[in-house]
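Student: Take a look at the following structure, please.
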Amino acid sequence: KNRNIKRGNILDRAAFQKADTVLLCDILHHLKLKDMYTLMSLALEFAREKVVIIEPVFVNIAAKNNFISRIIGNIMKRIDSDGFNDIERWLSKEEYIDLFESFRKMDGVKEMKVRNFRNHDFVELTI
């Protein structure tokens, strides 16, 4: 139904093309902070209407600095390994909120909605 999905390097500008919506699903926690901003800049540049971010909530649990969270973090690193990017550290809920707020302040963003549904954070940025 008019879907155009490509495989490529998400930090390579040449891999992008204009689209109504750019979907970043289960990606951010694989990136270094500076690469998150690079990706968001590219997504905002190529999105006509929206950028949608979906991140699993387990990253918030894994970020807590206690025995259980370290076990969960290690298990999730093994399960979530994409074979390309190692997860250096997990972002806490507060760090995600700060990150999303910084995205909201980027040029071109008119509105941001954040909600949690079925163990995922959904962030919708309207251009």
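The values are calculated or read from the model by the stated rules, or taken from the named source; none is laboratory data. Just so it is clear, the model here is predicted, and its values are computed rather than measured. All Cβ positions, even for glycine, are placed from backbone atoms using ideal geometry, and neighbour counts span all protein chains on display. Side chains are part of the model used for accessible areas, which takes the heavy atoms of the whole protein and leaves out ligands, DNA and RNA. Shrake-Rupley method; radii C 1.70, N 1.55, O 1.52, S 1.80 Å.
Student: Near the amide H of ASP121, under 5 Å away, which other amide H atoms are found, from residues 5 or more places off or on another chain, if H is placed in the peptide plane?
Tutor: GLU55, VAL57
Student: So, one more: Just to confirm a number: summing +1 for Lys and Arg and -1 for Asp and Glu over residues other than HIS120 whose beta-carbon lies under 10 angstrom from that of HIS120, what do you get?
Tutor: Working: positive: ARG115, ARG118; negative: ASP26, GLU55, ASP121.
Value of the local net charge: -1.
Student: With all protein chains present, calculate the accessible area of PHE117 using a 1.4 Å probe and round the result to the nearest 10 Å².
Tutor: Number for this one is 90 Å².
Student: In the stretch 7-75, what trypsin sites (Lys or Arg not before Pro) fall in a loop by DSSP, with at most 13 other Cβ atoms inside 10 Å?
Tutor: Details: sites: ARG7, ARG13, LYS18, LYS32, LYS34, ARG48, LYS50, LYS64, ARG70; in loops: ARG7, LYS18, LYS32, LYS64.
Listed in order of number, the matching sites are ARG7, LYS18, LYS32.
Student: Carbon and sulfur: what percent of the chain's accessible surface (1.4 Å probe)?
Tutor: Numbers: 4310 of 8470 Å².
Its accessible area is 51 percent carbon and sulfur atoms.
Student: Shifting gears a bit: Quick check: pseudo-label points 7 Å beyond the Cα along Cα→Cβ at MET106 and GLU49, how many nm apart are they?
Tutor: 2.0
Student: In the chain, which helices (entire DSSP H runs) extend 15 Å or more along their own long axis, judged by Cα positions, while averaging at least -0.5 on the Kyte-Doolittle scale?
Tutor: Working: long enough: 33-46 (20 Å, 0.71); 67-80 (19 Å, 0.44); 93-104 (16 Å, -0.88).
Helices meeting the criterion: 33-46, 67-80.
Student: On to the next question. Taking the Cβ-Cβ separation of ARG13 and ARG115 as r and a Förster radius of 25 Å, what is the calculated FRET efficiency to the nearest 0.05?
Tutor: Details: r = 30 Å, r/R0 = 1.20.
Rounded to the nearest 0.05, the efficiency is 0.25.
Student: Still on this structure, please answer the following. 7 Å from Cα along Cα→Cβ at both LYS34 and PHE67: what's the point-to-point distance in nm?
Tutor: About 3.8 nm, to one decimal.
Student: Now for a different question. How many lysine pairs are close in the chain, with Cα atoms under 20 Å apart and the two 8 or more places apart or on different chains?
Tutor: Close lysine pairs found across the chain: 21.
Student: How many Å² of accessible area per residue for the chain, probe 1.4 Å?
Tutor: Heavy-atom SASA per residue in the chain reads 67 Å².
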